[in-house]
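Participant: Shown below is the structure under consideration.
The values are calculated or read from the model by the stated rules, or taken from the named source; none is laboratory data. Because the structure is a prediction, the values reported are computed rather than measured. When we count neighbours, we look across all protein chains shown, and the Cβ atoms used for this are built from the backbone with ideal geometry, even at glycine.
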Amino acid sequence: MLYPQTNRRRMIQELNGFWELKIDRDDSGRNNNWKNGFNKDAIIGVPGSWNEQLSEIGLMDYVGSIWYQRQFYIQPQSIRKQYVLRFDSADFSAEVWLNGQWIGKHQGGFLPFEFEISEFVKEDQPNRLTVCVDNRLNHDTIPQGIFTDDYIEFGKQRDQSYPSTVFDFMAYGGLNRSVRLLVLPAVYMEKVNIDTQIHDSTGILYYRAEFSDNLLDNEIIISVYDEETCIDKRRVKEVSKMLEGQIEIKKCEFWCPDNPKLYSLQFELFEGGYLLDEYSIEFGIREIKLHKNKILLNGDPIFLKGFGKHEDFPVLGKGLSHPLIIKDFELMKWIGANSFRTSHYPYSEEIMQMADRTGFLIIDEVPAVSMNFKYVTDKTLQNHKTVLTELINRDRNHPSVIAWSVANEPGIWGEKEAVSSNADKYWKEIFNHVKKMDISRPITLPTCAVWKNRDIAYKYSDFISVNRYWGWYEMPGEIEKAGAKLKEELLSLFKLYHKPILLSEFGADTVEGLHSTYPQLFSEEYQTDLINEYFKVIKSLPFTIGEHIWNFADFRTAQHHRRIVVNKKGVFNRQREPKSAAFMIRKYWTKK
Ligand code: GCB
């Protein structure tokens with residue numbers, strides 16, 4: 001699936017804006033044929049989560065299905081077109097009707113899906129688009145859902161949040177990213193995969209393109225541009241449904257954080273001399289390798305400085321906002337970061353593009369967060385593989401993506417099944433699945449502290465990622481002891497596994513404005529000193545490859561006595577104002 005673009009042969013009709021909404025508390029929408037139209041309960045802005053926009057009508061903590069509808073027109077076309085409806089995400093599942101006809105459904109949030117709707121769409125008449133979005137999760141879905149009985153079974157009633165989630169962020173529902181109608185040529189390019197390698201000063205680009213149908217009497221022109229200058233042009237004739245090739249760029253500028261050089265690759269598809277379709281994609285040439293306990297980018301070691309983040313902002317919830325994307329990248333540059341993890345789900349395609357352009361390195365994660373292996377089923381495994389497939393297909397062309405993260409903190413419930421032979425088989429299959437799709441990037445899996453050095457993730461990860469909260473959840477108030485414990489643990493992990501280690505989470509909840517002369521949890525000084533202590537330990541261990549602070553900014557969670565509306569481990573607050581720690585971090589990360 002390609003990111004939408006407009007050009008000589010492609011058009012986009014935005015379907016963002018105000019939609020009508022109806023809450024389906026008793027799941028009666030289907031029986032009542034809401035697909036044919038309904039009387040609205042409210043109007044909602046798309047993209048955006050329903051929770052904070054419509055908390056006044058009871059949607060803050062709503063879990064269930066909600067129907068959306070709107071109308072659109074299409075202009076009559078003089079030549080045949082294909083119409084594709086694209087949802088950049090729907091959290092966590094969606095079912096779609098057009099003019100009352102069932103179009104399809106998609107399970108899983110945070111990833112795009114498309115439907116070809118040419119046979120259902122009407123020219124010159126109103127088209128009614130109806131979407132039922134459902135944010136319920138269960139044991140088979142990714143992420144998994146959790147129920148009151150599960151807490152009881154584990155004797156963890158005090159851990160129950162409202163609404164119940166296994167993860168520590170708000171399960172924002174809705175059409176959180178763009179909805180668009182793509183007007184495409186009768187036969188169009190459907191997919192492009194790009195892989196790159198470097199050889200001395202030459203960059204090698206491998207491409208593989210696929211088309212929606214067989215091409216007849218065709219010629220394809222493939223061009224590489226450096227800014228406005230065409231640096232390579234070639235023609236291929238009589239292509240069927242797929243085209244592969246390789247292009248060498250001499251004296252190539254390799255993509256890296258200091259010089260995020262992007263070239264573009266353009267395909268022009270001619271049939272009988274007529275331009276049928278064109279598509280142009282930005283790419284960066286770079287190579288990632290693990291070597292002697294270092295991550296090498298284009299042969300040079302890099303150290304990851306950055307954050308675990310969230311897509312989260314007041315009112316928008318997880319809704320896409322271009323200004324917010326800009327702000328977050330500006331703040332990350334300001335503080336001297338060079339990387340982040342898309343904790344705990346795929347971020348918008350616009351964020352990925354911005355990382356390519358600004359030179360940020362991304363660990364790209366699927367929403368398999370806090371899995372409880374007691375409840376894992378074959379369906380969970382299938383769904384897990386599906387989200388990995390969808391993520392890799394979506395993001396593999398981004399130079400910014402340097403690693404895949406296949407989950408976050410499985411086994412956090414302490415369930416013995418998390419370290420069983422079944423779990424071992426599960427992870428083996430997951431890691432193999434990713435390796436089969438992409439051998440060019442390392443794979444990792446951030447772990448919690450529960451399983452100590454027995455966590456299965458260590459065996460399969462190419463580099464180890466550890467989320468550790470010594471000095472917060474364990475050893476609160478004892479910063480030096482926490483540092484010593486961290487050091488001891490990292491040394492023992494390295495001794496056992498001989499793999500480089502990323503500190504993928506560490507931090508402290510911090511209330512801005514709360515100060516203390518002694519190590520006091522929640523104070524700005526405590527966050528600063530604890531992060532500083534971790535920095536010292538990480539620096540002293542040559543096998544560490546990076547430090548990702550938890551979190552970039554405060555973010556909303558489900559209701560729980562442990563959280564005052566938000567998780568306050570942000571270095572910036574939810575409005576993106578810096579806490580004191582930000583200034584210490586900036587000094588440390590920007591020091592030459
Ligand atoms: C973690 C989780 C993250 C939480 C964080 C915390 O280990 O990976 O999702 O938000 O701890 O603050 O407790």
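Participant: Within region 351-365, how many residues turn out to be within 16 Å of the ligand (Cβ to nearest atom) and not acidic (Asp, Glu)?
Facilitator: Here the count works out to 1.
Participant: Tell me, which residue of region 402-423 that is more than 16 Å from the ligand (Cβ to nearest atom) and in contact with a Ser or Thr (Cβ under 9 Å, 6 or more places away or on another chain) is farthest from residue 357 (Cα to Cα)? First the steps, then the outcome.
Facilitator: Taking region 402-423 first, the residues more than 16 Å from the ligand (Cβ to nearest atom) are 402-404, 415-417, 419-423.
Then keep just the ones that are in contact with a Ser or Thr (Cβ under 9 Å, 6 or more places away or on another chain); that gives 402-404.
On the way: 402: 15, 403: 18, 404: 20 Å.
My answer is 404.
Participant: Do the conditions hold for residue 546, that is, is it modelled with pLDDT of 95 or more, within 15 Å of the ligand (Cβ to nearest atom) and buried (at least 20 other Cβ atoms within 10 Å of the Cβ)?
Facilitator: The answer is no for residue 546.
Participant: Something else about it: Go through (1) under 27 Å from the mean Cα position of the chain (by Cα); (2) closer than 23 Å to residue 26 by Cα; (3) small (Gly, Ala, Ser) and name the single condition residue 100 misses.
Facilitator: (1)
Participant: Mind counting the residues in region 371-401 that are farther than 21 Å from residue 255 by Cβ and either surrounded by fewer than 24 Cβ atoms within 10 Å (Cβ to Cβ) or more than 16 Å from the ligand (Cβ to nearest atom) (or both)?
Facilitator: Counting residues in region 371-401 that are farther than 21 Å from residue 255 by Cβ and either surrounded by fewer than 24 Cβ atoms within 10 Å (Cβ to Cβ) or more than 16 Å from the ligand (Cβ to nearest atom) (or both) gives 19.
Participant: Another one. Residues of region 16-33 being surrounded by 19 or more Cβ atoms within 10 Å (Cβ to Cβ) and either closer than 30 Å to residue 77 by Cα or within 24 Å of the chain's Cα centre (by Cα) (or both), which ones?
Facilitator: The one that is surrounded by 19 or more Cβ atoms within 10 Å (Cβ to Cβ) and either closer than 30 Å to residue 77 by Cα or within 24 Å of the chain's Cα centre (by Cα) (or both): 19.
Participant: Take the residues in region 431-446 that are out of contact with any Phe, Trp or Tyr (no Cβ under 8 Å at 6 or more places or on another chain) and assigned to a helix (DSSP H, G or I); name whichever of them is nearest to the ligand (Cβ to nearest atom). Please lay out each step first, then the result.
Facilitator: Applying the first criterion (out of contact with any Phe, Trp or Tyr (no Cβ under 8 Å at 6 or more places or on another chain)) to region 431-446 yields 432-433, 435-437, 439-440, 446.
Those still in the list that are assigned to a helix (DSSP H, G or I) too: 432-433, 435-437.
Working: 432: 24, 433: 22, 435: 24, 436: 27, 437: 25 Å.
Looking at the filtered set, the residue picked out is 433.
For (1) of a type in the set (S, T, N, Q); (2) surrounded by 13 or more Cβ atoms within 10 Å (Cβ to Cβ); (3) not assigned by TED's automatic domain parsing to the domain that holds residue 198, each residue gets a yes or a no:
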{"site": "231", "(1), (2), (3)": "no, yes, no"}
{"site": "239", "(1), (2), (3)": "no, yes, no"}
{"site": "252", "(1), (2), (3)": "no, yes, no"}
{"site": "259", "(1), (2), (3)": "yes, no, no"}
{"site": "268", "(1), (2), (3)": "no, yes, no"}
{"site": "274", "(1), (2), (3)": "no, no, no"}
{"site": "294", "(1), (2), (3)": "no, yes, yes"}
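Participant: Suppose the filter is free of Cβ contacts under 8 Å to residues at least 40 places away in the same chain and not in a loop (DSSP other than H, G, I, E, B); does residue 539 pass it? Talk me through it step by step, then tell me what you get.
Facilitator: Numbers: free of Cβ contacts under 8 Å to residues at least 40 places away in the same chain: yes; not in a loop (DSSP other than H, G, I, E, B): yes.
Here the answer is yes, as residue 539 does meet what is asked.
Participant: Among the residues of region 549-562, which ones are in a strand (DSSP E or B) and surrounded by 19 or more Cβ atoms within 10 Å (Cβ to Cβ)?
Facilitator: 549, 550, 553, 555, 556
Participant: Here's a follow-up. Go through region 448-483 and report how many residues are touching a strand residue (DSSP E or B) at 6+ places or on another chain (Cβ under 8 Å), away from the ligand (no atom under 16 Å from the Cβ) and farther than 15 Å from residue 531 by Cα.
Facilitator: Here the count works out to 4.
Participant: Under 6 Å between Cβ atoms, at least 6 apart or on separate chains: pull out the pairs that start in region 342-371 with a residue that is over 17 Å from residue 551 (Cβ atoms) and touching a residue at least 60 places away in the same chain (Cβ under 8 Å) and end on any residue that is among the β-branched types (Val, Ile, Thr) and not in a strand (DSSP E or B).
Facilitator: From region 342-371, the pairs are 366/387; 368/142.
Participant: Moving on to the next point. Which of the residues belonging to region 357-396 are farther than 30 Å from residue 420 by Cβ, out of contact with any Phe, Trp or Tyr (no Cβ under 8 Å at 6 or more places or on another chain) and in a helix (DSSP H, G or I)?
Facilitator: 357, 393, 394, 395, listed by residue number.
Participant: If residue 368 satisfies all but one of (1) within 16 Å of the ligand (Cβ to nearest atom); (2) surrounded by fewer than 20 Cβ atoms within 10 Å (Cβ to Cβ); (3) not basic (Lys, Arg), what's the number of the condition it fails?
Facilitator: Among (1) within 16 Å of the ligand (Cβ to nearest atom); (2) surrounded by fewer than 20 Cβ atoms within 10 Å (Cβ to Cβ); (3) not basic (Lys, Arg), the lone unmet condition for residue 368 is (2).
Participant: Considering only strands (runs of 3 or more DSSP E) fully contained in region 96-191, which possess at least 1 residues that are buried (at least 16 other Cβ atoms within 10 Å of the Cβ) and of a type in the set (Val, Ile, Thr)?
Facilitator: 101-107, 127-134, 179-185
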